[in-house]
1. Of everything in segment 1-52, what is closer than 20 Å to Val140 by Cβ and part of a loop (DSSP other than H, G, I, E, B)? Give them in sequence order.
2. Looking at (1) under 22 Å from Ala226 (Cα atoms); (2) assigned to a loop (DSSP other than H, G, I, E, B), which is the only condition Leu96 fails?
3. Looking only at segment 66-93, count how many residues are closer than 18 Å to Ala9 by Cα, part of a helix (DSSP H, G or I) and not small (Gly, Ala, Ser).
4. Can you run down the residue pairs with Cβ atoms below 7 Å, 6 or more apart or on separate chains, where the first is in segment 57-75 and free of Cβ contacts under 8 Å to residues at least 24 places away in the same chain and the partner is outside any strand (DSSP E or B)?
5. Using the structure shown, decide if Arg139 is in contact (Cβ under 8 Å) with a residue 12 or more places away in the chain, under 21 Å from Leu26 (Cα atoms), surrounded by fewer than 13 Cβ atoms within 10 Å (Cβ to Cβ) and touching a helix residue (DSSP H, G or I) at 6+ places or on another chain (Cβ under 9 Å).
6. All but one of (1) surrounded by 13 or more Cβ atoms within 10 Å (Cβ to Cβ); (2) in contact with a Gly (Cβ under 9 Å, 6 or more places away or on another chain) hold for Glu205; state the number of the condition that does not hold.
7. Output the residue which, of all residues in segment 235-253 that are charged (D, E, K, R) and modelled with pLDDT under 95, is nearest to the chain's Cα centre (by Cα).
8. Just to be sure I understand, how many residues within segment 125-136 are small (Gly, Ala, Ser), in contact with a helix residue (DSSP H, G or I) (Cβ under 7 Å, 6 or more places away or on another chain) and surrounded by fewer than 24 Cβ atoms within 10 Å (Cβ to Cβ)?
Amino acid sequence: MSTLTGTVALVTGASSGIGEATARTLAADGAAVALVARRADRLASLAKEIAAAGGTAVAIEADITDRDQARAAVARTVAELGRLDILVNNAGVMLLGPVEHAPIDEWDRMIDLNLTALLSVTEAALPHLLAAAESEPRRVADLVNISSTAGRQVKRGSGVYNLTKHGVGAFSESFRQEFSRRHLRVGVVEPGAVATELRDHLRPEIREVQQQRLSAMQPLQAQDVADAISYIVTRPRHQTINELLLRPTEQDD
């Protein structure tokens with residue numbers, strides 16, 4: 001029997017990168033997976049791929065920066081798949097650059113997606129996660145929040161991104177303290193440089209600098225992070241991985 005058989009996972013930002021790889025991995029582990037993102041065509045293709053491999057997936061197009069859509073995505077997950085055992089808050093954006101003369105809309109986008117959307121989905125999922133933690137097959141539930149090395153260290157040119165990722169860590173630790181005795185676990189994953197679409201959203205002059213940095217090392221792949229998430233949620237009931245930091249071997253910052 002697969003490790004997560006009988007469970008349901010919801011993955012945000014599932015249309016590419018870490019979210020896409022995580023959805024595939026959790027489905028291979030036996031979970032039915034709700035795929036949540038804005039790009040419906042990519043979600044539909046991924047859902048078909050998971051089904052062809054013998055898994056179960058439902059594609060849910062949603063902009064989770066809209067609280068009503070975030071709540072509706074969770075509600076649809078439970079309505080169609082029957083429960084919710086695992087929430088992976090993966091959706092995020094990284095818009096780097098100096099504070100001086102920064103486009104303020106970039107700050108808003110990071111706060112809206114990296115923080116507010118994470119809180120909205122978590123709030124909607126909470127009663128279902130608590131219910132799953134009290135029932136078979138595992139009698140434990142998991143919240144996994146994707147942060148970054150930017151949630152542990154601060155660099156100039158990434159102040160608001162640092163703000164959001166430090167916030168993810170702080171919220172996660174408070175959440176852990178509140179729900180640990182109810183067997184709702186929380187894990188924070190903090191990847192270093194990963195080869196994903198995250199840098200595609202940067203302004204051209206900043207993207208060039210980041211691409212040069214990435215080319216100087218062998219970056220992590222999305223599957224590396226998905227494997228870490230799978231490890232967290234497949235631990236026995238008495239064990240929690242609260243924080244997992246992973247970097248490319250060659251990354252020195």
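1. Met1, Ser2, Thr3, Leu4, Thr5, Gly6, Thr7, Asp29, Gly30, Ala31
2. Of the numbered conditions (1) under 22 Å from Ala226 (Cα atoms); (2) assigned to a loop (DSSP other than H, G, I, E, B), the odd one out for Leu96 is (1).
3. Going through segment 66-93 one residue at a time, the tally reaches 8.
4. That search, which allows pairs on different chains as well, returns Gln69/Ala62; Gln69/Asp63; Ala72/Ala62.
5. yes
6. If we test Glu205 against (1) surrounded by 13 or more Cβ atoms within 10 Å (Cβ to Cβ); (2) in contact with a Gly (Cβ under 9 Å, 6 or more places away or on another chain), just (1) comes out false.
7. Step one: of segment 235-253, the residues charged (D, E, K, R) are 235, 237, 243, 247, 250, 252-253.
Then drop every residue that is not modelled with pLDDT under 95, which leaves 250, 252-253.
On the way: Glu250: 24, Asp252: 24, Asp253: 23 Å.
Taking the candidates together, the pick is Asp253.
8. Taking segment 125-136 first, the residues small (Gly, Ala, Ser) are 125, 131-133, 135.
Checking the rest, the ones that are also in contact with a helix residue (DSSP H, G or I) (Cβ under 7 Å, 6 or more places away or on another chain) come to 125, 133.
Now narrow it down to the ones that are surrounded by fewer than 24 Cβ atoms within 10 Å (Cβ to Cβ): 133.
Adding up the residues that qualify gives 1.
The values are calculated or read from the model by the stated rules, or taken from the named source; none is laboratory data. All values derive from a computational prediction rather than experimental measurement. In this analysis, Cβ positions are derived from the backbone assuming ideal geometry, glycine residues included, and neighbour counts consider all displayed protein chains.
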